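Since the structure comes first, as structure tokens, the remarks are kept for the end.
The values are calculated or read from the model by the stated rules, or taken from the named source; none is laboratory data. Note that the structure is predicted; figures quoted are calculated from it, not measured. Please note: Cβ atoms are built from the backbone with ideal geometry, for glycine as well, and neighbour counts cover all protein chains shown. Keep in mind that these areas ignore ligands, DNA and RNA; they rest on the heavy atoms of the full protein, side chains included. Shrake-Rupley method; radii C 1.70, N 1.55, O 1.52, S 1.80 Å.
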Amino acid sequence: MAFAPSKARKLQTRKEPTVSLNSMMDMMTIILLFLLKSYSTSGALMQPHLDNLPESTVQKSPEKHLAVVVSERGVLKPSESATDKATMPILVPIGELASEEEAALPSLEAFLYDQRAMDEKLGKKEIAHVLTVEAAENIPYSWILKIVETATSVGFDTFDFVVTKIS
Amino acid sequence: MAFKPSQRRKAPDETVEPNITPIMNLMVVLIPMLLSVAQFVQLSLLEYTPPPAEQILDGEGGEGEGGGEVQNLDLLLNIAEGGFEVSVFNETKGDNFKEIPLLPDGTYDFEALHREMLRIKTDIVGPPVRVEEQADTTSQQVSRLEIFKYADANRIKISAQSQLPWQVLVQVLDETRNYRDPETRMPHPLFPLPLLGQIQ
């Protein structure tokens with residue numbers, strides 16, 4: 001014959017097992033404070049695509065304009081989907097960029113013409129005339145000059161070079 | 001006679017934990033959002049506006065107040081393999097031409113370049129002849145335009161070799177753009193309008 005169930009056990013209320021979130025809360029609070037400290041409105045406008053940008057004391061805040069990235073792979077087109085320089089589409093291949101015979105870059109010229117034509121088609125009041133150039137610190141100076149000359153011939157008159165700010 | 005202490009009071013107090021799940025939910029949303037806009041590297045923009053082609057071809061000389069021709073400064077900086085070469089009035093020797101050799105470690109002497117730029121600005125260009133106020137029709141902002149005795153007093157032509165690393169040129173632009181007043185620590189323009197060229 002089975003024993004009668006214990007009365008004490010019957011009266012005992014079973015506690016729901018819970019996970020202690022306190023330590024995770026502490027961690028989250030620290031991360032949140034750190035991120036709030038490094039929060040920047042310009043961070044939403046521009047994120048660096050290269051980790052070896054030149055350093056400068058210039059203080060001009062980032063602005064959103066048509067941008068190109070210059071790296072050892074050539075002139076690249078930054079996009080929302082491709083943030084890494086290894087996956088960014090190539091606008092100007094390195095052979096064309098490094099060539100000493102060509103002073104201009106026909107591939108870049110075609111791209112810039114297309115961008116301006118698109119602005120006109122969309123009925124934008126102001127057609128793009130500012131080009132943001134993000135170039136690595138070790139890029140030869142002649143590559144920058146080629147980009148400037150090509151863009152100037154298309155109608156761009158201001159160039160914003162992305163640099164890392166130092167005090 | 002004192003009463004016997006109550007048996008109930010001896011029961012341990014249960015600790016009540018607040019429900020932090022909603023706060024956790026908020027954190028989980030906030031952290032990715034802040035991560036996407038956080039800026040771990042401080043970026044800024046170095047603006048370069050090349051002058052129109054006709055201005056380069058014609059030079060910047062204009063007419064002075066009395067109708068006379070205004071002289072040009074023609075400040076030129078060559079970044080050569082052996083160091084900087086600074087020339088004014090298109091001279092290649094004498095007091096208006098200075099060579100700044102490389103430092104013993106083989107790097108460019110940016111401090112000496114900055115000193116030379118400051119000397120040219122103070123000793124050769126001098127203070128502005130007059131200040132004009134210009135109103136921008138679109139932004140309605142009024143800007144002060146300083147007129148110097150040389151028409152191209154704000155401009156510097158920079159020539160460098162094709163293989164010069166971009167970082168060196170950025171540093172040169174920093175040193176030639178402005179200077180800080182040693183007393184007020186306020187920045188003042190030196191030669192803020194560069195014209196980039198290449199040594200052939």
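Summarising the amide proton neighbourhood of residue A:158: residues at separation of 5 or more, or on other chains, whose placed amide H is nearer than 5 Å comprise A:131. Rounded to whole numbers, the Karplus 3J(HN,Hα) couplings from phi for region A:121-128 are 5, 6, x, 5, 5, 10, 7, 3 Hz, using 6.51 cos²θ - 1.76 cosθ + 1.60 with θ = phi - 60°, and x at Gly and Pro. Our helix-only sum for chain B, with -39,500 (n - 2.57) per DSSP H run of n ≥ 4 divided by its residues, gives a mean residue ellipticity at 222 nm of -7000 deg cm²/dmol. Backbone phi angles across region A:16-27, fed through the Karplus curve with coefficients 6.51, -1.76 and 1.60 (θ = phi - 60°), yield HN-Hα couplings of 6, x, 10, 8, 7, 9, 4, 5, 5, 4, 4, 5 Hz in residue order; Gly and Pro are listed as x. In plain terms, chain B is cut at each of the chymotrypsin sites (Phe, Trp or Tyr not before Pro) found in a DSSP loop with at most 11 other Cβ atoms within 10 Å, and the longest leftover piece is B:41-200.
As an exercise, find the ratio Rg/Rh for region A:56-167 from alpha-carbon atoms, using the Kirkwood inverse-distance average for Rh. Radius of gyration relative to Kirkwood radius: 0.95. Would you look at the GNM of chain B, springs on alpha carbons closer than 10 Å, and say which of B:176, B:15, B:92 moves the most? Comparing B:176, B:15, B:92 in a Gaussian network model of chain B, the most mobile one is B:15. Counted by Cβ distance under 9 Å from residue A:60, the other residues give a net charge of -3, where Lys and Arg count +1 and Asp and Glu count -1. For region A:135-144, the Karplus equation 6.51 cos²θ - 1.76 cosθ + 1.60, evaluated at θ = phi - 60°, returns couplings of 10, 5, 5, 9, 5, x, 4, 5, 5, 5 Hz by residue, with Gly and Pro reported as x.
Treating r as the C-beta distance of residue B:3 and residue A:2 and R0 as 41 Å, the FRET efficiency rounds to 0.40. Longest segment of chain B with no GluC sites (Glu not before Pro) in a DSSP loop having at most 11 other Cβ atoms within 10 Å? Answer - B:82-182. Note on residue B:162: accessible area approximately 30 square angstrom, rounded to 10, probe 1.4 Å, nucleic acids and ligands left out. Pairwise Cα separations in chain B fall into 10 Å bins from 0 onward with the following percentages, short to long: 7, 23, 25, 13, 7, 6, 5, 4, 4, 3, 2, 0, 0. Its Cα centre serving as origin, chain B has a Cβ charge dipole (Lys and Arg +1, Asp and Glu -1) of approximately 1720 debye.
Amide H to amide H, with H built 1.01 Å from N, residue B:195 comes under 5 Å of B:156, B:157, B:158, counting only residues 5 or more places away or on other chains. One chain, two ends: residue A:29 and residue A:117. Fully extended at 0.36 nm per residue, the span grows by 26.8 nm beyond their Cα-Cα distance.
Compute the separation of the alpha-carbon centres of region B:160-200 and region B:26-47 and state it in Å as a whole number. Centre-to-centre (Cα) distance: 30 Å. Counting Cβ atoms of other protein chains within 10 Å of each residue's Cβ and taking the mean over peptide B:184-197 gives 1. Contact order for region A:45-165, expressed relative to its length and based on alpha carbon pairs under 8 Å spaced 6+ residues apart, stands at 34 percent.
Computed over the protein assembly as shown, the percent of Cα pairs more than 34 Å apart is 46. Remark on residue A:135: its backbone amide H falls under 5 Å from those of A:70, A:162, a criterion applied only to residues 5 or more positions apart or on other chains, H modelled at 1.01 Å from N. In the structure shown, the pairs B:98/B:121; A:77/A:121; A:165/B:98; A:77/A:165; B:98/B:157 are assessed against 19 Å; a Cα-Cα span above that value is assigned to A:77/A:121; A:165/B:98; A:77/A:165. Mean residue ellipticity, 222 nm, helices only, chain A: the sum of -39500 (n - 2.57) across DSSP H runs of n ≥ 4, divided by residue count and rounded to 500, is -11000 deg cm²/dmol.
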